[in-house]
Every structure is written in C-alpha cells, then in structure tokens.
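The structure under discussion appears below in the form of structure tokens.
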Amino acid sequence: MLDELMNAFGKPGMRMAGIGRAGAVVFGLTVMSGGAQVSPQLMPRETDSTSMWWAEGFPRFLPEAPWIRCIQTGTYAFVLDTEKLTVPHFGPLEDGGDWQALEPAELAVSVTVGGKTHRCVEGAEWGRFSGPRLVTSGRFQQRADVTGLVLVAGDGGKLDAEARFETVAWPDRLALVLAVRPKSENWPDATMAVSLTSAMGALSLSKQWQVPDGETWGKGEWKQVALTMNPANFEAGETASPLVVSAVDPAKGSRWSVRYDPDMMCHRIDISGATPIAPPGGKLPSNDAMERIKLVLENPTSGEQVARLMLEKDRGGFKGRLGSAITGVSACLRDSDGFPTGIPVQISKNWHNRPEGGVYSGSWFKGISQLRLPANSKTELEFVVTNGHWGGVGAASHA
C-alpha cells in the first residue's frame with residue numbers, strides 16, 4: 001500500500017505536485033523530513049481545542065434532560081439554556097476545571113423600536129429546522145444558534161420580527177450574536193443590544209447597533225450585532241487584526257478576497273473561484289482533481305499572535321463532476337514544499353437546500369484552522385482541496 005501511494009504522490013524529498021486525503025495520512029506520519037521545516041510554534045497547543053454537547057444528553061430523546069447546551073474550550077466554558085436564553089455557567093477554566101462549578105452570568109438580549117424596548121424571554125422549541133441548531137462543530141470552532149426568539153416589551157407586547165441568537169466559540173474567543181429582521185413594517189428608529197454580566201455584577205460587556213441617521217431598517221432585512229470577547233480575562237474582542245493575510249491562486253496568479261471579520265473573529269477567505277487542477281495526463285472536468293491556494297501569513301508585531309482562518313465556498317464554488325461536489329472534498333494545509341504540516345483543518349459543510357434552513361440553507365463549505373504565528377514572522381503555506389481522487393488513488397471520506 002505504501003509503495004502504491006509513493007508512486008501516486010511522489011518520492012520523499014521531491015516537490016509534491018499534489019496530495020490527496022489518503023496521502024495526507026501517510027506523509028504526515030512518515031516523510032515530513034523531506035519537506036520544508038514548519039516551525040513547531042505554528043502547531044496548535046493542547047488548549048487550542050473546543051467541544052460542544054448537551055449537558056444530560058439530547059432532550060429530544062431524553063424528555064427529562066434540560067435544554068442546556070455546553071461549550072468548553074481549553075480556556076473557558078459557556079453554558080446556555082436554549083429555552084430561557086439564560087447562562088447558568090460561564091467563566092475561565094484552569095486545567096481539569098469543572099464547568100459545573102462556574103458561576104452564572106446574566107445575558108441580556110433586546111431590541112428597541114420607536115423608543116419601546118423588547119427583551120428576549122425565550123427561544124423556540126426544538127424542531128427539525130427551528131429552535132436550537134448546530135451550524136459548525138470541530139477542533140477549532142463551535143457554532144450554534146437558537147431561532148424563534150420571543151422578545152417582549154414591558155406592557156406585554158411582542159415584537160413582530162424574526163430573531164435568532166448565535167454563539168461562535170474559538171479556543172480563546174467567544175461571540176454572542178443577535179440577528180433580527182422586521183416582519184411587517186420598516187423601522188426608521190431601532191436599536192439592538194447584547195450584554196453579558198459576570199456573577200455579582202463585577203464585570204460587564206455590551207455591544208449595540210442602531211439604525212444610522214437618515215436610514216431605515218427595511219422589512220425582511222437581516223441585521224446583526226455581535227458581542228465578542230476573550231472569556232479568560234472578560235475583555236472585549238478585537239475590532240481589527242494586526243496580521244497581514246494574503247491568498248493567491250497559483251494557477252492564475254490572481255489574489256483571493258481576504259477580510260478580517262470582527263463578528264466571527266477570524267480572517268475569511270473566499271475560494272469559490274479556485275481553479276481545479278488535474279494530475280499529469282488527466283482531463284477536466286473530473287473528480288480526479290485538486291485546488292491549490294497559496295497563503296502568506298505575516299505577524300509584524302513583537303509578540304506571538306493567533307491566526308484564525310476560514311476558507312469558504314458557496315454553491316457556485318463547486319465546479320467539477322460527481323466526487324468534487326460538497327460531499328466529496330477534503331482539505332489539507334501543506335508547507336512550501338508540498339508536504340502536509342499536520343496542522344488540522346476542520347471541515348464544516350452543508351448541501352441541503354430546504355428553505356426552512358433559513359440563512360444556512362444551500363451548499364457551502366468552510367475549511368477552518370488556527371495557527372500560532374511567532375513574533376515578526378512571515379509564514380508561507382498552501383491550502384489544498386482534494387476531490388474524490390488524486391493520481392488515481394481514492395480519497396477517504398470525511399463526511
């Protein structure tokens with residue numbers, strides 16, 4: 001088996017034209033010495049991990065279990081009651097810390113329209129497309145929401161709007177996102193707000209968004225506000241990144257769009273237009289193909305910085321035949337000589353087109369990763385998306 005893979009992918013010490021999922025396993029374990037040396041500082045630490053689960057099992061099948069969704073990373077825990085939209089446990093965690101020992105925090109979610117404030121009192125019950133939902137889940141990012149928020153004013157009136165609350169968790173960052181759209185009328189005067197206050201009111205963070213002067217919040221138009229933070233020290237998240245990230249298509253020499261998204265706390269790279277490449281002698285379109293994106297990551301600061309990356313495709317980004325569709329691709333980070341770095345890539349994707357899915361309906365792919373960049377450094381990597389085969393060797397499925 002090893003000889004067959006070597007013949008398909010190349011020999012140790014040679015520059016790699018490409019590598020599939022099966023090859024990523026072999027070379028990642030046996031021939032890393034043949035490629036460029038990747039700084040050990042880039043690799044994730046033990047604390048660079050996330051997990052998400054229901055506190056006492058999924059209540060849909062365990063009627064006595066509470067709708068308590070837990071997120072725990074290497075540095076903190078955030079626990080949400082998805083029915084009441086309350087936070088029974090939140091705070092930093094030391095090694096081996098017990099999330100159940102953490103104090104509660106006060107979560108406040110509100111929308112003010114025409115001077116009347118409506119506060120969230122509950123989320124929708126679980127359904128196939130509503131209530132608490134999972135968006136992405138893996139090593140580096142946990143993302144989930146609760147739809148059907150009920151927002152009530154002091155006089156008992158309910159806000160005529162569709163609203164959802166989303167949590168985005170990285171190993172050392174957390175975002176609390178409120179997204180709303182009016183149902184029946186435009187709002188010329190409106191404000192959204194999210195706040196989180198620690199136990200006993202010692203620490204508090206808040207974020208709000210309001211309709212700009214002279215503008216109107218149109219009926220059916222989604223708007224959102226995101227409260228981002230470093231839960232380990234209860235400080236607000238960064239609104240900008242000091243890092244310089246660029247992405248280039250080696251096949252065309254063109255640059256990809258890269259932007260830092262403060263709500264998602266990461267650099268987002270749109271790779272929908274990536275050019276498929278066939279192996280020598282191959283023809284396109286085919287599922288025996290791959291896509292390559294050269295990444296350059298620069299840290300001009302005097303201290304180590306964390307680079308959070310999200311490489312994305314939408315429905316128009318899948319150009320090949322069967323095997324290169326959303327269910328048949330996988331991803332790998334390689335060094336400048338074409339060898340796998342061993343840095344994990346979290347694959348999150350969707351291929352369902354049911355309109356009930358709302359903002360997350362349709363085909364999309366996200367390759368999510370996190371690296372630690374040394375001070376005053378420049379790192380060159382290659383992000384590779386492989387189809388069902390490469391060089392005649394079948395790829396192992398990640399789905």
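The values are calculated or read from the model by the stated rules, or taken from the named source; none is laboratory data. The model shown is predicted, which means the values in this text are computed figures rather than measured ones. Here Cβ is always computed from backbone atoms with ideal geometry, including for glycine, and neighbour counts include all displayed protein chains.
Of note:
- Scanning the range 98-121 for residues being more than 21 Å from GLN208 (Cβ to Cβ) and within 25 Å of the chain's Cα centre (by Cα) gives a total of 1.
- Boolean, GLY123 is surrounded by fewer than 20 Cβ atoms within 10 Å (Cβ to Cβ) and at pLDDT 95 or above: no
A quick yes/no check of all residues on (1) hydroxyl-bearing (Ser, Thr, Tyr); (2) under 28 Å from THR167 (Cβ atoms); (3) under 18 Å from the mean Cα position of the chain (by Cα):
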| residue | (1), (2), (3) |
| --- | --- |
| MET229 | no, yes, yes |
| ALA232 | no, yes, no |
| SER254 | yes, no, no |
| VAL258 | no, yes, yes |
| PRO262 | no, yes, yes |
| ALA274 | no, no, no |
| VAL296 | no, no, no |
| SER302 | yes, no, no |
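- For the range 326-382, a residue qualifies if it is aliphatic (A, V, I, L, M), closer than 30 Å to GLY220 by Cα and crowded, with 17+ Cβ neighbours inside 10 Å, and exactly one does: ILE326.
- Scan of the range 181-204 for residues that are out of contact with any Gly (no Cβ under 9 Å at 6 or more places or on another chain) and closer than 20 Å to ASP81 by Cα, ordered by number: ALA193, VAL194, SER195, LEU196, THR197, MET200, GLY201, SER204
- Residue that is surrounded by the most Cβ atoms within 10 Å (Cβ to Cβ) [pool: residues in the range 274-303 that are of a type in the set (Asp, Glu) and farther than 11 Å from ASP249 by Cα]: ASP288
- Across the range 29-43, the qualifying residues are those that are in contact with a Pro (Cβ under 7 Å, 6 or more places away or on another chain) and crowded, with 17+ Cβ neighbours inside 10 Å, and the one among them that is modelled with the lowest pLDDT is VAL31.
- Residue within the range 139-158 that is buried (at least 20 other Cβ atoms within 10 Å of the Cβ), modelled with pLDDT of 95 or more, of a type in the set (Asp, Glu) and not assigned by TED's automatic domain parsing to the domain that holds LEU371 present: yes
- Scan of the range 230-264 for residues that are modelled with pLDDT under 90 and not in a loop (DSSP other than H, G, I, E, B), ordered by number: ARG255
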